[in-house]
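Colleague: Quick one: structure below, then a few questions.
The values are calculated or read from the model by the stated rules, or taken from the named source; none is laboratory data. Every value quoted in this text rests on a predicted model; they were computed, and no experiment measured them. All Cβ positions, even for glycine, are placed from backbone atoms using ideal geometry, and neighbour counts span all protein chains on display.
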Amino acid sequence: MKYILTLMLLALSGIYASAQTDGKAKTILDKTVEHIKSYPAVEVVFDLSMINKEEDIKETHHGKAYMKDKMYRIDVMDVINYFDGEVIYTYMPEQEEVNIKNPDDNEEEMLNPSILFDIHNQKFNQKLVEEKDGTAYIELTPKKEHKQITKIGVWINTKTNMVEKVTSFGKDGNDVIITIKSLKKPDMELDVKFFRFDKDAHPEVEVIDLR
């Protein structure tokens, strides 16, 4: 799970060349980011799919993520990832194990799902390919060759200024798709404890501290 999630988010954050900007695409992305960032915190329900047509592979996993400032909590593929702004906790309930580590220089950004909603600030060529029935399809292509991806597709509802879907098109034939089922303000207040694994509540879990 960590590899797939990292691949998807790395595809959105891993290019640092200058970008050619399609003015209309940038306007749509700006409005979307402004709308989502107006929330004090975000709860996202999504599907994470891995597709390889040549090998007839299609896997879909349901997930949920919470984000507040730099903190996040992601539950997908039977693993819960926490980040409280300083430490990453990877909790595997079936194995009754949690790994605790400090993020390396790039990992915090790579694993941060909020990057999905800040795409326009990343260094890609942006192009509005189609706008139809209230949905805009924007393609992001790395100006310098990327090792893993050819392009990223972003679908945005221009009426609600919400991201509907993001697809990373892989050079190896593996496409990773995140489909947003809902995005809203959480029904509860989220403090920093929500973004940390609670060792006292899970005394049966083996803690592996890698810091």
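Colleague: Residues of the stretch 202-211 being closer than 24 Å to residue 70 by Cα and assigned to a loop (DSSP other than H, G, I, E, B), which ones?
Modeller: Matches in the stretch 202-211: 210, 211.
Colleague: Ok, one more. Looking at the stretch 31-47, can you tell me whether even one residue there is surrounded by 15 or more Cβ atoms within 10 Å (Cβ to Cβ), part of a strand (DSSP E or B) and small (Gly, Ala, Ser)?
Modeller: Checking the stretch 31-47: not a single residue is surrounded by 15 or more Cβ atoms within 10 Å (Cβ to Cβ), part of a strand (DSSP E or B) and small (Gly, Ala, Ser).
Colleague: Taking interchain pairs and intrachain pairs at least six residues apart, which have beta carbon atoms under 9 angstrom, with the first residue in the stretch 65-92 and farther than 12 Å from residue 42 by Cα and touching a residue at least 12 places away in the same chain (Cβ under 8 Å) and the second assigned to a strand (DSSP E or B) and among the acidic types (Asp, Glu)?
Modeller: Close Cβ pairs (under 9 Å, with a partner that is assigned to a strand (DSSP E or B) and among the acidic types (Asp, Glu)) amount to 81/75; 90/97; 91/97.
Colleague: Taking the stated definitions as given, is residue 194 crowded, with 16+ Cβ neighbours inside 10 Å, at pLDDT 90 or above and on the phi < 0 side of the Ramachandran plot?
Modeller: yes
Colleague: Let me ask you something else. Look through 149, 177 and report the one residue that is surrounded by 16 or more Cβ atoms within 10 Å (Cβ to Cβ), in contact (Cβ under 8 Å) with a residue 60 or more places away in the chain, in contact with a Gly (Cβ under 8 Å, 6 or more places away or on another chain) and under 21 Å from residue 60 (Cα atoms).
Modeller: 149
Colleague: While we're here: Can you spot a residue in the stretch 64-82 that is in a strand (DSSP E or B) and over 23 Å from residue 100 (Cβ atoms)?
Modeller: Within the stretch 64-82 (the criterion being in a strand (DSSP E or B) and over 23 Å from residue 100 (Cβ atoms)), the answer is no, since none of the residues qualifies.
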